[in-house]
Each structure stands twice: as C-alpha cells, then as structure tokens.
Amino acid sequence: MANLDDLEKTMQALWPVEHAEDWDAPGFSLSVPGEVNCVLLSVDLTGAVLAEAIEKKCQLVISHHPFLLKGISDVNWDSLKGSVLQTAIRAGVSIYAAHTNADVAVDGVSDSLAKAFGLVDVTPLVPITSDSKLGHGRIGHLAREISLKEFAILVAEALPFTARGVSVSGNPDAPVSTIALCGGAGDSFMQVALQSGADVYVTSDLRHHVTLDASSTPRHEPFALVDISHWAAESLWLESAKSMLASAHPDVAFDISEVVTDPWTFSINRGI
C-alpha cells in the first residue's frame, strides 16, 4: 500500500510533466486522497475501464491519454465525461495520465515500440533536450535488411490483434533496414522522418493526403509508410510502465486493463 502523494512523486520522476507538450494535460484529472493498494493501467479511460478498476478494487487508474484533454462545460450524469467522473468520485478512484511526457521518455511509448520491433542503435527522431535519449519518436536499425513485406509481418506480430491490422504504403519487395517510428499519431513528424534517411516510417492515424504526399516525395531511396492501430502501438508501453512502478512500489498491485479501447471492431476487404 502507498499514499497517493508518493505515487504521484514516482510518476513525476518517471514522466516529468515539464516534458509534455504545451497543449497536453498530463497529471491528475481527479484525485481522491488516501492509500492505494491497487492501480490499473490503460491506454484510455472509458466507462468499461473504470468498471474494471472498481471490480478489481483499484484506487487509481493511470491512463496514457488524458481523460480531460479538452475543456468541458458540464459533468452531468448523462454526459460522457460526467458519467465517468461521477462514478469515479463515488467509488473513490483517482484518475491520472502520462501522455506526451511518456511518449518522449526513456522506456516510454516510442521506446517500447522500437524494442518490440527489435531495433538497435536507437535514438530519438525528434530530440527535445540536449539529452539525446529524450524526444519524440525513435529511429534505429534492424539487425539485418529485410523486405518491406517481411517488416510489415514483423510489426503485425509484435502488436496485439486489432480489426484493422497493419496498412502499408510501398513496394512489398523493397529492402528496408533503417526504421523511423512514432507511437500514436505521428504525422506531424512526417517531414523529419522523410529527411532522416529512414526506409520506412511507422506511426498511427495517417491521413490520405499526408500519406500520398510523403510516399510520392522524390528521394534517392523509396520511402514506405506503415500505419498501425493507435491503441495497439501505445498499449505496449503499459508493460514497461507497470514494471517501473512496481519496482518503486512493491507493496502496490499494478494491473494492465483487459479492456481493448481500439474503437474499430471489424473490417471487410472486398474480394479477399
């Protein structure tokens, strides 16, 4: 068991809020002072995730995405945010988020992806400080050159199953060895990825025009894109977060949510 304040100090040490983007809202959306003996980790906080936390008698939910990222005008029971917040207050469950400050961290979201893909010589794609270990995205190398199709299979096997799977823009037979990636929606770093010398850029939520422009940009070597589930990409970080928190607080039970918050439930491809 640990005090909520002690857990906050640990989370701040692991994922300093000053490393978050200006638009972000990490930290507590709701804090209920007291002792904590169970913590549930998730990518998103939803009613189903909160119900799981209550069932498991957890006093704290740590999500990657902030529950109150954008302003709200009410917390009425019949609203999305209000229903969750009122339930959490009544159950005594605190709500905390580590978002872009966890994206850029050592052993954070993008680091977890790079490790899952087996990359070596990994550095941030977009450093945020003079410390080259911190930054958005990652760039590294595969142990050996493989085809783009083989790499896409590797990516799919490294991630939990999702209905939409993995989408690829590029020649399936093209050789790839230098990989750029960004956990979550990383199209804002597309130009950096293009200029990095990477053979392929892996990220989520890629839009039509961004993808078309990037894949059509003249380069000495072709540039491929791999679009993966936002939830799946960021879910890998939960194991790392759990391990670091459990090491700091061995008397607290840390559990990863069993709720899949990927919003897509099935897909259909005509003629397949």
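The values are calculated or read from the model by the stated rules, or taken from the named source; none is laboratory data. Just so it is clear, the structure is predicted and the values come from calculations on it, not from any experiment. Methodologically, a virtual Cβ is constructed for each residue, glycine included, from the backbone with ideal geometry; neighbour enumeration extends over all protein chains shown.
Taking the criterion of being more than 18 Å from the chain's Cα centre (by Cα) and either modelled with pLDDT under 95 or of a type in the set (D, E) (or both), the only residue of the stretch 248-258 that qualifies is D251. Of all residues in the stretch 57-111, count the ones that are outside any loop (DSSP other than H, G, I, E, B) and acidic (D, E). Residues meeting the conditions: 2.
Scanning the stretch 127-145 for residues that are in a strand (DSSP E or B) and either exposed (fewer than 15 other Cβ atoms within 10 Å of the Cβ) or in contact with a Pro (Cβ under 7 Å, 6 or more places away or on another chain) (or both) yields a total of 7.
Please verify whether the stretch 227-247 includes one or more residues that are surrounded by fewer than 20 Cβ atoms within 10 Å (Cβ to Cβ), at pLDDT 95 or above, outside the structural domain of L14 (by TED's automatic domain parsing) and among the β-branched types (V, I, T). Checking the stretch 227-247: not a single residue is surrounded by fewer than 20 Cβ atoms within 10 Å (Cβ to Cβ), at pLDDT 95 or above, outside the structural domain of L14 (by TED's automatic domain parsing) and among the β-branched types (V, I, T). Exactly one residue among S188, S204 is surrounded by 18 or more Cβ atoms within 10 Å (Cβ to Cβ), touching a Cys at 6+ places or on another chain (Cβ under 9 Å) and polar (S, T, N, Q), and that residue is S204. Checking each residue in the stretch 157-171 for being part of a strand (DSSP E or B) and loosely packed, with under 14 Cβ neighbours inside 10 Å picks out only S167.
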